[in-house]
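Heads up: the structure comes next, in structure tokens.
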Amino acid sequence: MSSLHKLSLSFSSIVLGLSMLGWLSAAAAIPDDAKIAGFAVGCQAYTFNRFSVFEAIEKTAQAGGKCIEFYPGQKLSPDEPSVKWDHHASDETIQKVKDQLAKHHLRAVNYGVVGAKDEAEWRRIFEFAKKLGLYGITTEGVQDLDVIEKLVKEFDIRVGIHEHARRANDPSYKVWDPKYVLSVVKDRDRRIGACADTGHWATSGLQPLDCIKLLKGRIMSCHLKERTTIGKQLPDAIYGTGVSNIKGILDELKRQGFDGNISIEYENNWEHSVPDVAQCIEFIRRWGGAAQ
């Protein structure tokens, strides 16, 4: 065998090895059957927090969503209101939720906002996510990133750092600022990034589209909200009726190759929000048609 041929084989082996490493480090993609206009679109179950998990699944499907993001503490069902849904759920309870998801042709994709008291509980959260086949977990636990990063690598599940609005009387609360979030995730595993909550950014006086651009390549998931004013805490509005520039955000997410979930977390008209959520989903569907 010639030296040149040996060098060629060696180079091919290196390329193959690097590609395999890349494959191993890439989180599992959300399948196309959970997507609308190229994005995984559904609801954050908190939209239906006046109802149970079972009802949130049904209402998300009624609104036209393809996936759902759960949150900890919601009651399980009308028949079992005393059973709370979170990462401490029994395998039996998890199976009941899986059956409800299958019944309504919905895919669970994310879980949060959630935190843990120690590494053992973080492991339980990741194990729960794995049992459900989740793409991601949402948290504000930046103080636990060393533990989280280790588990991200072990379980191949993405983590998005969520932000609530700026707290005028609490300067220690920093995750409202996308620049801070970027600073704490930029040197971490690529599966750790931001959960972009456009509503809380707007409340904090930030332009959501600017924040999306700043976090390019580090957005793991999105709580997409429309607001009618920047800088005030106001109820959410139907997409396209406010100042959040939902079209521009969708355009930018597409440009960035965003492949996480878009959760509609509609904090308004709590008891009868399905028609409003349906209009938001239809906005994304129409955007997709216009964007082709």
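Numbers for the structure displayed
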read-out	value
All positions within the range 267-292 that are of a type in the set (A, V, I, L, M, F, W, C) and at pLDDT 95 or above	W270, V274, V277, A278, C280, I281, F283, I284, W287
All positions within the range 231-266 that are in a loop (DSSP other than H, G, I, E, B), crowded, with 16+ Cβ neighbours inside 10 Å and modelled with pLDDT of 95 or more	D236, I238, Y239, G240, G242, S244, N245, F258, D259, G260, E265, Y266
Single unsatisfied condition, G42 versus (1) assigned to a helix (DSSP H, G or I); (2) within 30 Å of G217 (Cβ to Cβ)	(1)
The range 114-123, subset among the hydrophobic types (A, V, I, L, M, F, W, C) and surrounded by fewer than 22 Cβ atoms within 10 Å (Cβ to Cβ), residue farthest from E55 (Cα to Cα)	A120
Criterion violated by A89 - all others in (1) part of a loop (DSSP other than H, G, I, E, B); (2) under 30 Å from P208 (Cβ atoms) satisfied	(2)
Of residues in the range 271-292 being open to solvent by 60 Å² or more (accessible area, probe 1.4 Å) and assigned to a helix (DSSP H, G or I), the one farthest from F48 (Cα to Cα)	A290
Qualifying position, being over 19 Å from the mean Cα position of the chain (by Cα) and of a type in the set (D, E, K, R), among K186, K216, K225, K150	K150
Which listed residue, of V185, V142, V159, is hydrophobic (A, V, I, L, M, F, W, C) and over 20 Å from H87 (Cα atoms)	V185
Pair list, Cβ under 9 Å, 6 or more apart: the range 36-57 residue over 14 Å from G112 (Cα atoms) and among the acidic types (D, E), other residue open to solvent by less than 10 Å² (accessible area, probe 1.4 Å) and in a helix (DSSP H, G or I)	E55/F48
All positions within the range 92-113 that are open to solvent by less than 40 Å² (accessible area, probe 1.4 Å), part of a strand (DSSP E or B) and within 15 Å of A34 (Cα to Cα)	A108, V109, N110
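The values are calculated or read from the model by the stated rules, or taken from the named source; none is laboratory data. Note that the structure is predicted; figures quoted are calculated from it, not measured. Neighbour counts run over all protein chains shown; Cβ positions are idealised from the backbone, glycine included. Heavy atoms of the whole protein, side chains included, go into the accessibility calculation; ligands, DNA and RNA do not. Shrake-Rupley method; radii C 1.70, N 1.55, O 1.52, S 1.80 Å.
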